[in-house]
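No lab work stands behind these numbers, since they all come straight from the coordinates. None of the values given here were measured: they were computed from a predicted structure. Every residue, glycine among them, receives a Cβ derived from its backbone with ideal geometry; neighbour counts consider all protein chains shown.
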Amino acid sequence: MAALTTSRNTPEMADGGRIRVVNVEANTTIFLGSMVAINAAGNAVPASATTSTANAQKVIGRAEYVVNGIPAQNAVNNPGVSGAVQIAVRKGVFMYSQDTSITTASVGSQCFALDDNNVTATDRASGASVQQYAVAGQVVAVDASGEVWVDFWHQATSAA
């Protein structure tokens, strides 16, 4: 495409892209409030770690509600084919548990999803040769309880 030579109407995504609706992977359950990732096929799955291959997931936010089901229910697509259920996923700053590797010195750094409810400061377990954990977002604060405020808006370029 060529550079502009005149004005252009540039549409803005509704809600600034804060909420997106995604097809849920086949045989998958996503719990409300969990960290949601997109797998290599482009479907929503609970964020999770890999063991021997590089993690292809991209964390996109927090599970909000089921779109073509009962609102405020978990996205249960089990059994089911990919896309039989959709879930709305919200970007924002949300609190998640951690493995104690994140401290107040981590504020401003990236954190990684161990699973759909826990974050960690590193992208892999000690000795692992591949990145096992997908980027969750940026650490905003560590609560007095030890839980971590994660900003899903500010992720590394490898995240969605």
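A few comments on the model shown:
- Tyr96, sole failed condition from (1) within 19 Å of Glu64 (Cα to Cα); (2) of a type outside the set (D, E, K, R); (3) not in a strand (DSSP E or B): (3)
- Filtering Ala49, Ala44, Ala75, Ala40 for residues that are surrounded by fewer than 11 Cβ atoms within 10 Å (Cβ to Cβ) and out of contact with any Gly (no Cβ under 6 Å at 6 or more places or on another chain) leaves a single hit, Ala40.
- Residues satisfying the stated conditions in segment 52-72, i.e. over 19 Å from Gln110 (Cα atoms), of a type in the set (Gly, Ala, Ser) and crowded, with 21+ Cβ neighbours inside 10 Å: Ala63
- Hits in segment 14-26 - residues which are under 19 Å from the mean Cα position of the chain (by Cα) and either surrounded by fewer than 13 Cβ atoms within 10 Å (Cβ to Cβ) or free of Cβ contacts under 8 Å to residues at least 60 places away in the same chain (or both): Asp15, Gly16, Gly17, Glu25, Ala26
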